[in-house]
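The values are calculated or read from the model by the stated rules, or taken from the named source; none is laboratory data. Everything numeric in this text was worked out from a predicted model, so none of it was measured. All Cβ positions, glycine included, derive from the backbone under ideal geometry; neighbour counts span all protein chains shown. Only protein heavy atoms, including side chains, enter the accessible area calculation; ligands, DNA and RNA are left aside. Shrake-Rupley method; radii C 1.70, N 1.55, O 1.52, S 1.80 Å.
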Amino acid sequence: MKNVSEKTYEPIESAALSMHQATDNIADSATVQIDRVSGTVHRAVNVTADAATAAAEWLTALPQQAQTVVTGSVRQRVRQRPLGWVAGAFVAGIVLGRALRS
(Lines give C-alpha, C1' and ligand atoms only; values in the text may rest on other atoms or scores of the structure.)
Protein backbone atom coordinates (compact mmCIF):
# COMPACT_ATOMS: atom_id res chain seq x y z
CA MET A 1 0.00 0.00 0.00
CA LYS A 2 1.15 3.48 -0.82
CA ASN A 3 2.24 5.90 1.74
CA VAL A 4 0.14 9.04 2.26
CA SER A 5 3.00 11.29 1.22
CA GLU A 6 3.41 9.33 -2.03
CA LYS A 7 -0.29 9.80 -2.78
CA THR A 8 0.07 13.52 -2.18
CA TYR A 9 3.05 13.91 -4.53
CA GLU A 10 1.64 11.76 -7.34
CA PRO A 11 -0.79 14.39 -8.68
CA ILE A 12 1.88 17.07 -8.33
CA GLU A 13 4.39 14.99 -10.28
CA SER A 14 1.79 14.21 -12.91
CA ALA A 15 0.94 17.89 -13.28
CA ALA A 16 4.63 18.82 -13.44
CA LEU A 17 5.22 16.19 -16.12
CA SER A 18 2.23 17.44 -18.12
CA MET A 19 3.45 21.03 -17.87
CA HIS A 20 6.95 19.96 -18.90
CA GLN A 21 5.58 18.15 -21.96
CA ALA A 22 3.41 21.15 -22.86
CA THR A 23 6.44 23.45 -22.54
CA ASP A 24 8.45 21.14 -24.82
CA ASN A 25 5.63 21.13 -27.40
CA ILE A 26 5.42 24.94 -27.31
CA ALA A 27 9.20 25.25 -27.64
CA ASP A 28 9.25 22.86 -30.61
CA SER A 29 6.43 24.74 -32.31
CA ALA A 30 8.13 28.08 -31.66
CA THR A 31 11.40 26.76 -33.09
CA VAL A 32 9.68 25.72 -36.31
CA GLN A 33 7.98 29.11 -36.63
CA ILE A 34 11.20 31.00 -35.89
CA ASP A 35 13.04 28.98 -38.55
CA ARG A 36 10.29 29.73 -41.07
CA VAL A 37 10.32 33.46 -40.28
CA SER A 38 14.11 33.52 -40.33
CA GLY A 39 14.14 32.02 -43.82
CA THR A 40 11.59 34.56 -45.03
CA VAL A 41 13.57 37.46 -43.56
CA HIS A 42 16.78 36.11 -45.06
CA ARG A 43 15.20 35.97 -48.52
CA ALA A 44 13.85 39.51 -48.09
CA VAL A 45 17.31 40.77 -47.13
CA ASN A 46 18.82 39.09 -50.20
CA VAL A 47 16.21 40.65 -52.51
CA THR A 48 16.83 44.07 -50.95
CA ALA A 49 20.59 43.70 -51.28
CA ASP A 50 20.25 42.70 -54.93
CA ALA A 51 18.04 45.73 -55.61
CA ALA A 52 20.51 48.04 -53.86
CA THR A 53 23.38 46.60 -55.88
CA ALA A 54 21.49 47.11 -59.14
CA ALA A 55 20.64 50.70 -58.15
CA ALA A 56 24.27 51.41 -57.26
CA GLU A 57 25.45 50.06 -60.59
CA TRP A 58 22.85 52.17 -62.41
CA LEU A 59 23.93 55.29 -60.51
CA THR A 60 27.58 54.57 -61.25
CA ALA A 61 26.84 54.35 -64.99
CA LEU A 62 24.64 57.46 -64.97
CA PRO A 63 27.47 60.07 -65.16
CA GLN A 64 28.99 58.20 -68.08
CA GLN A 65 25.61 58.11 -69.84
CA ALA A 66 25.09 61.82 -69.18
CA GLN A 67 28.56 62.59 -70.54
CA THR A 68 27.79 60.59 -73.67
CA VAL A 69 24.50 62.43 -74.19
CA VAL A 70 26.07 65.87 -73.65
CA THR A 71 29.03 65.10 -75.88
CA GLY A 72 26.75 63.87 -78.64
CA SER A 73 24.58 66.97 -78.34
CA VAL A 74 27.57 69.32 -78.49
CA ARG A 75 29.00 67.48 -81.51
CA GLN A 76 25.72 67.84 -83.32
CA ARG A 77 25.53 71.58 -82.63
CA VAL A 78 29.17 72.14 -83.66
CA ARG A 79 28.52 70.32 -86.94
CA GLN A 80 25.48 72.52 -87.59
CA ARG A 81 27.43 75.81 -87.12
CA PRO A 82 31.18 75.22 -87.10
CA LEU A 83 32.17 78.83 -87.85
CA GLY A 84 30.00 80.14 -85.02
CA TRP A 85 31.71 77.84 -82.56
CA VAL A 86 35.18 78.78 -83.83
CA ALA A 87 34.32 82.48 -83.55
CA GLY A 88 32.89 81.94 -80.06
CA ALA A 89 36.04 80.13 -78.98
CA PHE A 90 38.19 82.92 -80.44
CA VAL A 91 36.23 85.61 -78.55
CA ALA A 92 36.33 83.57 -75.35
CA GLY A 93 40.12 83.24 -75.75
CA ILE A 94 40.56 86.98 -76.17
CA VAL A 95 38.36 87.76 -73.14
CA LEU A 96 40.14 85.19 -71.02
CA GLY A 97 43.58 86.43 -72.15
CA ARG A 98 42.75 90.05 -71.22
CA ALA A 99 41.31 88.96 -67.90
CA LEU A 100 44.50 87.07 -67.04
CA ARG A 101 46.76 90.03 -67.99
CA SER A 102 45.05 92.35 -65.57
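Things worth noting here:
- Qualifying residue in region 9-19 (condition: more than 25 Å from the chain's Cα centre (by Cα) and exposed (fewer than 10 other Cβ atoms within 10 Å of the Cβ)): yes
- Out of TRP58, TRP85, sole residue that is open to solvent by 100 Å² or more (accessible area, probe 1.4 Å), assigned to a helix (DSSP H, G or I) and touching a Lys or Arg at 6+ places or on another chain (Cβ under 8 Å): TRP85
- Close contacts from region 54-81, counting a first residue that is at pLDDT 80 or above and a second that is surrounded by fewer than 10 Cβ atoms within 10 Å (Cβ to Cβ), with Cβ to Cβ under 6 Å and a gap of 6+ residues or different chains, come to none at all.
- For MET1: the one exception among (1) surrounded by 10 or more Cβ atoms within 10 Å (Cβ to Cβ); (2) at pLDDT below 85: (1)
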